[in-house]
1. What is the distance, in nm, between label points placed 7 Å from the Cα along the Cα-to-Cβ direction at A:D25 and at B:Q36?
2. What is the calculated FRET efficiency for B:T45 to B:R126, with r their C-beta to C-beta distance and R₀ = 41 Å, to the nearest 0.05?
3. Set the Förster radius R0 to 30 Å, insert the Cβ-Cβ distance between A:D14 and B:T166 as r into 1/(1 + (r/R0)^6), and round the FRET efficiency to 0.05.
4. Which of rounded, prolate, oblate describes the protein assembly as shown, given a ≥ b ≥ c as roots of the alpha-carbon gyration tensor eigenvalues and a/c under 1.5 marking rounded, otherwise prolate only if a/b is larger than b/c?
5. If you put +1 on each Lys and Arg Cβ and -1 on each Asp and Glu Cβ, how big is the dipole of chain A around its Cα centre, in Debye rounded to 20?
6. For chain A, what relative contact order do you get, as a whole percent, if you take Cα pairs closer than 8 Å and at least 6 residues apart?
7. Hey, can you grab everything whose amide H is under 5 Å from the amide H of A:V136? Only 5+ residues off in sequence or another chain; H modelled, so Pro and N-termini drop out.
8. Put a dot 7 Å past each Cα toward the Cβ at A:A201 and A:E137; how far apart are the dots in nm?
Protein chains: 2
Amino acid sequence: MISIALPKGALLKDSIAICQHVGLDFSAFLDKQNRQLQIIDPTGTARALLVRAQDVPVYVEYGQVQLGIVGYDVLREKSPDVANLADLHFGYCRMSVAVRSSSPYRQPLDLPPHARVASKAVNCAREYFDSLDLPVEIIPLYGSVELGPITGMSEAIVDLVSTGRTLRENGLIEIAVLFESTARLIAHPLSYRLSPDNLHAIATQLRLASEPAPPAGVVGS
Amino acid sequence: MISIALPKGALLKDSIAICQHVGLDFSAFLDKQNRQLQIIDPTGTARALLVRAQDVPVYVEYGQVQLGIVGYDVLREKSPDVANLADLHFGYCRMSVAVRSSSPYRQPLDLPPHARVASKAVNCAREYFDSLDLPVEIIPLYGSVELGPITGMSEAIVDLVSTGRTLRENGLIEIAVLFESTARLIAHPLSYRLSPDNLHAIATQLRLASEPAPPAGVVGS
């Protein structure tokens, strides 16, 4: 039986939609009453695990599931030993540097040396400022990173931005983009190579289902 | 003005109650409509920040707030550079080792060498198994640690247990307790030493408010 780890949170709804598109129904995870973290689709083809986004690559890496859906940002932050099969083209967001709009900083190099930068993505943040040769102090936070500059604890943050609403509401502005992120299909490398249960076929179907529709004139021509 | 970081989640309600007991009303944080992460109490005596439990010691360590309320488990895991002022006697739970009840393991030393142990508290877990001289592989997870043994990814978990309901519902049993945890009052060491805004007085009041009531016969005698 095929197994797949699905991420709780912002990517869940689209992850379930794309699975439905290839005949795997895990919509029970969307039921608010649901407390199960592991379900089998009604056709008995596949098993899905519902886990925190950051844990998806862990279950894949340890071979506990063959496939997983997770944001590129998580892959960048954790560098897990998994095969990155496809861009699923949903869940767009970007990892950005932001500062108070009232601050004098308009690009990362305006920040003073040894500035404090609060972030949940400490590895991404460190790698980025190292590449600029700007020594900064990274403050690791678990939530509400925007409080860093608001309280004055940090000059800047590195955080995921999708609509930008949270930044605006907190008087912050984006001054640089580290990278853009979308949902990715990942696989356990060895499972994928040996391809039990027709893993390749399902992975290909998921990839095709996620591809942007061709221009209208082309369809059916 | 005095400043205090309060933890989101399981300890919030009691943290707010103990602040109310000493005249600081932050109950606006309990309003479900509330989106503010920073409020000042109606008397203008103190400012409170609402942050993730794991972030409380960060805000205290960087001097962004003078006081904080946080579980002892977080202090054990992160070893922050803060002054541990008092045990507030609420939020009791314990950090435990648990395994599947159907497994043959009834104490940690029954686990095979190089067993896999899933945990959110990787430092606590590593320190504990090192002290037993039992080499294990710690698998860091962010949520739903109980899925480790259920899916077969790990032989054991190290996790916080309060009522034990989650363990029972998932067919797991506790086989050892690493340590017990309750809420603690912490302070920025230098702020506390210099005691602006009568910080000592507030800290003492919070400590006294949290002390278990004396036996009935003693009161008023």
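1. A separation of 4.8 nm, rounded to one decimal place.
2. On the way: r = 42 Å, r/R0 = 1.02.
The formula returns an efficiency of 0.45 here.
3. On the way: r = 29 Å, r/R0 = 0.96.
Computed FRET efficiency for A:D14 and B:T166: 0.55.
4. Details: a/c = 2.01, a/b = 1.32, b/c = 1.53.
Oblate is the answer for the protein assembly as shown, as a/c is 1.5 or above yet b/c matches or exceeds a/b.
5. Details: 19 positive and 23 negative charges, 80 e Å.
The calculation lands at about 380 debye.
6. Details: 419 pairs, mean separation 59.7, N = 221.
Averaging sequence separation for qualifying contacts and normalising by length gives 27 percent for chain A.
7. Residues meeting the criterion, in which the H sits 1.01 Å from N, are A:H114.
8. In this crude spin-label approximation the distance works out to 5.8 nm.
Where a number appears in this text, it was derived from the coordinates with a stated rule and is not lab data. Model, not experiment: these values are computed from the prediction. With ideal geometry, Cβ positions are generated from the backbone for all residues, glycine too; neighbour counts draw on all protein chains shown.
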